[in-house]
Amino acid sequence: MGNLLTSFAPQVHAIVIGATGGLGRAFVNTLADDERVLSVLALSRVTAGLASDCVKTIAIDIEDEASIEAAARSAVDHEPTYQLVIVATGVLHAAGLSPEKSWKALSADALATAYRINTIGPALVAKHFLPLLDTKSKSVFACLSARVGSIEDNSLGGWHAYRSSKAGLNMILRTLSVELARRNPESICVGLHPGTVDTPLSKPFQTSVPSDKLFTPAYSVNRLISVINGLTSVDSGQTYAWDGQRIPF
Ligand SMILES: NC(=O)c1ccc[n+]([C@@H]2O[C@H](COP(=O)([O-])OP(=O)(O)OC[C@H]3O[C@@H](n4cnc5c(N)ncnc54)[C@H](OP(=O)(O)O)[C@@H]3O)[C@@H](O)[C@H]2O)c1
């Protein structure tokens, strides 16, 4: 049994949104195995096969605000407050969306898909789930972002839709953190970069990644939970990589 959440209250209730994804599933499993975690709510479009003794499931589609709102209401039926909310949803490639190599490939539909899932979805999740954060002890709202969403770090170009959707997410998180600090000083809101992780999202782009730079979901999630454990209120609004480094905006 793990003990990764030592800076949290002794009894942690967690929510993972995007629980069927490579990283989301690893968050569910790692949190369910942590000695401080009493319950994990696993939220995803398809919930079959996710439930266990301490894992309960709720359906959610982050492209539909009514579904997000209903999921938040169901979450309150399980527990009135939560210490940890992880948003592990995201898209890099899908029907009609593949990372652009040139501005010639820019498409309004592809941009809209990336923004809807990577930026707008997490923003609306925040709208309905930030009020569920514990106000009496450390609580964290963390969204999976990506290093390529850093404007300052972008010297390679390409991947316009994905990059800009994650840059937008980082700005949303920064903006949320300002209001959150006023309303609930015990809460922290951050973006997380997991490294390059062996999941369906990265599969088509793994050939040029050296094997020691391609993480398993379990390894990445272990490192990210350690980063979350080390966060304090001064870190709110930033994006951190798996190794604890802050990613520049
Ligand atoms: N893997 C990497 O190397 C890497 C690197 C940097 C950042 N990230 C970020 O990490 C996050 C997780 O990525 P991953 O690698 O775990 O990808 P993944 O295995 O493809 O998982 C993506 C998850 O997002 C969910 N999702 C997509 N649209 C949704 C919607 N409308 N409503 C609800 N859920 C939705 C998917 O649900 P379904 O199962 O229902 O499709 C799936 O659970 C993403 O934000 C990604 O950008 C990943």
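Just so you know, all these numbers are worked out from the coordinates, no wet-lab data involved. The model shown is predicted, which means the values in this text are computed figures rather than measured ones. As a convention, Cβ positions derive from the backbone with ideal geometry for all residues, glycine included, and neighbour counts pool all protein chains shown.
Identify which of LEU224, LEU201, LEU169 has the largest mean-square fluctuation in a Gaussian network model of the chain, with springs joining Cα atoms closer than 10 Å.
Evaluated over the chain, the most mobile residue of the options is LEU201.
Residue by residue, what Karplus-based ³J(HN,Hα) values in Hz, rounded to whole numbers, does the range 135-147 have, using 6.51, -1.76 and 1.60 with θ = phi - 60° and x for Gly and Pro?
Per-residue couplings from phi come out as 9, 10, 8, 3, 9, 10, 10, 10, 10, 5, 10, 6, 4 Hz.
For PHE205 and TRP103, FRET efficiency with R0 = 30 Å and r from the beta-carbon atoms, rounded to 0.05?
0.95
How about the range 69-166: which trypsin sites (Lys or Arg not before Pro) there are in a DSSP loop, with at most 13 other Cβ atoms within 10 Å of their Cβ?
In loop regions of the range 69-166 (DSSP not H, G, I, E or B), the sparsely surrounded trypsin sites (Lys or Arg not before Pro) are LYS101, LYS136.
Normalise the Debye intensity by I(0) for the chain, one equal point scatterer per Cα, no solvent, then take log10 at q = 0.09, 0.10, 0.17 Å⁻¹ and round to two decimals.
Reported log10 I(q)/I(0), two decimals: -0.35, -0.43, -1.35.
List the residues of the range 104-129 whose backbone N lies under 14 Å from a point placed 7 Å from the Cα of GLU179 along the Cα-to-Cβ direction.
Within reach of a label on GLU179, which here means backbone N under 14 Å from a point 7 Å along Cα→Cβ, the range 104-129 contributes 122-129.
Relative to the longest principal axis of the C-alpha atoms of the chain, give the angle of the C-alpha long axis of helix 22-32, reported between 0 and 90° and rounded to the nearest 10°.
Here the helix axis deviates by roughly 10 degrees.
Compute the acute angle (0 to 90°) between the alpha-carbon long axis of helix 65-78 and the principal axis of greatest extent of the alpha-carbon atoms of the chain; round to the nearest 10°.
It works out to around 30 degrees.
So, with +1 on the Cβ of K and R and -1 on the Cβ of D and E, and no other charges, what is the size of the charge dipole of the chain about its Cα centre, to the nearest 20 debye?
Charge dipole of the chain: 440 debye, to the nearest 20.
Any chance you could check the Cα centroid distance between the range 140-160 and the range 191-214 for me, in angstrom?
After rounding, the separation between the Cα centres reads 14 Å.
Would you grab the residues whose amide H sits under 5 Å from the one on ILE15? Only those 5+ places off in sequence or on another chain, please, with H modelled 1.01 Å from N.
Amide H neighbours of ILE15: LEU41, LEU84, VAL85, ILE86.
Using only the alpha-carbon atoms, how far is helix 217-230 inclined from the longest principal axis of the chain? Give it as 0 to 90 degrees, nearest 10.
With rounding to tens, the tilt is 60 degrees.
For a quick check, take a GNM of the chain with Cα springs below 10 Å and name the residue from ASP134, ASP198, ASP64 with the largest mean-square fluctuation.
Looking only at ASP134, ASP198, ASP64, the largest GNM fluctuation is found for ASP64.
Quick one: Karplus J couplings for the range 188-200, per residue in order, coefficients 6.51, -1.76, 1.60, θ = phi - 60°, nearest Hz, x for Gly and Pro?
10, 10, 9, x, 10, 9, x, x, 8, 10, 6, 9, x
Taking amide H atoms as placed 1.01 Å from N in the peptide plane, list the residues 5 or more away in sequence, or in a different chain, whose amide H sits under 5 Å from that of SER145.
Here LEU192, HIS193 satisfy the definition.
Using only alpha carbon pairs under 8 Å that are at least six residues apart, calculate the relative contact order of the range 12-247 and give it in whole percent.
19
Taking H placed 1.01 Å from N in the peptide plane, check which residues at least 5 places from THR196 or on another chain put their amide H under 5 Å from its amide H.
Hits under the 5 Å cutoff: PHE215.
What are the ³J(HN,Hα) values, in whole Hz, obtained from phi via the Karplus relation 6.51 cos²θ - 1.76 cosθ + 1.60 with θ = phi - 60°, for each residue of the range 158-165 in sequence order, with x given for Gly and Pro?
Computed from phi, the couplings for the range 158-165 are x, 6, 4, 5, 5, 4, 6, 5 Hz.
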